[in-house]
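What follows is one structure encoded as structure tokens, with my remarks underneath.
Laboratory data are not the source of any read-out in this text; all were calculated from the coordinates shown. A quick note: this is a predicted structure, and the numbers were derived from the prediction, not measured. Virtual Cβ from ideal backbone geometry, glycine too; neighbours counted across all protein chains shown.
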Amino acid sequence: QVQLVESGGGWAQPGGSLRLSCAVSGTIFRLYAMDWYRQAPGKQRELVARITGVGTTNYAGSVKGRFTISRENAKKTVWLQMDMLKPEDTAVYYCHLDRPGQGYWGQGTQVTVSS
């Protein structure tokens, strides 16, 4: 059974930082790309960052230069380091395992950025 468990959400002031973690179990981790998505109230879920099994990364334009995605295959974990946070980064953040034919989602973790 594939499971993704996120942690690390919470509250931050504008300009602050948070680090999200996603621990994966039940599947071979190193073969698959991992994504972080987010969904703000009343908005569609959007892709924030992606990292392939070999570490190639891509970012949404709105977070480029502020967020960093990383992974450690031996620990089956992916992280999202979020710096210079803005109020518009407020959302529920989800990790996603991109296995061909079937993707898997974590339960989501709330990130709130406000003063």
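Residues of the stretch 82-115 with the amide nitrogen closer than 15 Å to a label point 7 Å from the Cα of Val2, along Cα-to-Cβ, please.
95-107
If I take every Cα pair under 8 Å that is 6 or more residues apart in the chain, average their sequence separation and divide by the length, what percent do I get for the relative contact order? Could you put the intermediate results ahead of the total?
Details: 282 pairs, mean separation 41.4, N = 115.
About 36 percent, as a whole number.
How much FRET efficiency would the formula 1/(1 + (r/R0)^6) give for Leu31 and Lys64, where r is the Cβ-Cβ distance and R0 is 22 Å, rounded to 0.05? Please list the in-between numbers first.
Working: r = 26 Å, r/R0 = 1.19.
Computed FRET efficiency for Leu31 and Lys64 comes out at 0.25.
List the trypsin sites (Lys or Arg not before Pro) within the stretch 1-42 that DSSP assigns to loop and that have no more than 16 neighbouring Cβ atoms inside 10 Å. Spell out each step's value before the answer.
On the way: sites: Arg19, Arg30, Arg38; in loops: Arg30.
Sites meeting the loop and neighbour criteria: Arg30.
Would you mind getting me the FRET efficiency between Ala74 and Lys43? Use the beta-carbon distance for r and R0 = 30 Å, nearest 0.05.
Numbers: r = 35 Å, r/R0 = 1.18.
For R0 = 30 Å, the calculated efficiency reads 0.25.
What distance in nm separates the two pseudo spin-label positions at Ala23 and Gln107, each 7 Å out from Cα along the beta-carbon direction?
According to this spin-label approximation, the distance is 1.3 nm.
With +1 assigned to the C-beta of every Lys and Arg and -1 to the C-beta of every Asp and Glu, and no other charges, what is the dipole magnitude of the chain about the Cα centre in debye, to the nearest 20? Intermediate results must be reported in sequence, preceding the final value.
On the way: 13 positive and 8 negative charges, 35 e Å.
Using Cβ point charges on Lys, Arg, Asp and Glu, the chain gives about 160 debye.
Tell me the trypsin sites (Lys or Arg not before Pro) within the stretch 63-115 that lie in a loop according to DSSP and have at most 14 other beta-carbon atoms within 10 Å. Mind showing how you got there, number by number?
On the way: sites: Lys64, Arg66, Arg71, Lys75, Lys76; in loops: Lys64, Arg66, Lys76.
Answer by residue number: Lys64.
If you keep only loop residues by DSSP, which GluC sites (Glu not before Pro) in the stretch 1-89 have at most 12 other Cβ atoms within 10 Å of their Cβ? Mind dumping the intermediate values first?
Details: sites: Glu6, Glu46, Glu72, Glu88; in loops: none.
Listed in order of number, the matching sites amount to none.
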